[in-house]
1. Give me the distance between the Cα centres of the stretch 111-159 and the stretch 1-46, rounded to whole Å.
2. Taking the Cα-to-Cβ direction at residue 146 and at residue 129 and moving 7 Å from each Cα, how far apart do the two end points lie in nm?
3. Can you pull the one-decimal nm distance between simple spin-label points at residue 172 and residue 113, each 7 Å off the Cα toward Cβ?
4. Among 167, 17, 33, which comes first, then next, by fewest other beta-carbon atoms within 10 Å?
5. Would you mind calculating the gained length between residue 13 and residue 28 on full extension (0.36 nm times residue separation, minus the Cα-Cα distance), in nm to one decimal?
6. What spacing in nm lies between the two simple spin-label points modelled at residue 45 and residue 158, each 7 Å away from Cα in the Cβ direction?
Amino acid sequence: MSAPVTLAITGASGGRYGLRLLECLLAAGRPVYLLISEAGRLVLKMEEDVTLPARAGDIATALGERYGAREGQLQVFGPRAWTAPVASGSGAPRQMVVCPCTTGTLGRIAAGTSEGLIERAADVVLKERGELTLVVRETPLSEIHLENMLRLARMGALILPANPGFYNRPQSLDELVDFVVARVLDRLGMPQTLAPRWGD
């Protein structure tokens, strides 16, 4: 089985990006450690009519069935699951994506304040010199947001705003979502056919 990836879904608008990324990762056979904030669950209900149960194991069952995950391929950890593999450099995956990423989560990661498992997992990836990708979804951006992005970029994180391109002339919302998810998959080194590359 290929190396696992940590995926965090926070409360920024655009939970569809996170769900689509999860679907693609599972379809490609990647094991996924999934972290969803309470606000992330709320936004998924508001924007996508996806109601997730409160318990991590029940979320894994629900999303695993929805996206056809293999047995054990999807593991979900609650916000205070400090014994989860992602909480320590000895067990965390080398790759983590926060998709979508709130500016609050961005700020806590930049400050190194691990109030919850999402921030701790990101902190671990940074300290272990892994690959941290933050799909920030906010507009407009304040000076605080921009400074936090710059700070994290200098630490090696990739800032990948949820800004879909239009040069492929998208005809649907799904195509706009796929444009951003395709860029994330590229970052993870995974083949993808969601969006044509420039020049193709």
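Bear in mind that the values in this text are calculations on the coordinates, not laboratory data. Please read all numbers here as calculations on a predicted model, not as lab measurements. No Cβ is skipped: glycine too gets one built from the backbone with ideal geometry, and neighbour counts run over all protein chains shown.
1. So the separation of the two Cα centres works out to 17 Å.
2. 3.2 nm
3. Placing both labels 7 Å beyond Cα along the Cβ direction yields 4.2 nm.
4. Numbers: 167 8, 17 25, 33 22.
The order, fewest Cβ neighbours first, is 167, 33, 17.
5. Values: separation 15, 0.36 × 15 = 5.40 nm, distance 2.55 nm.
Taking 0.36 nm per residue and subtracting the Cα distance, the gain is 2.8 nm.
6. 3.4 nm
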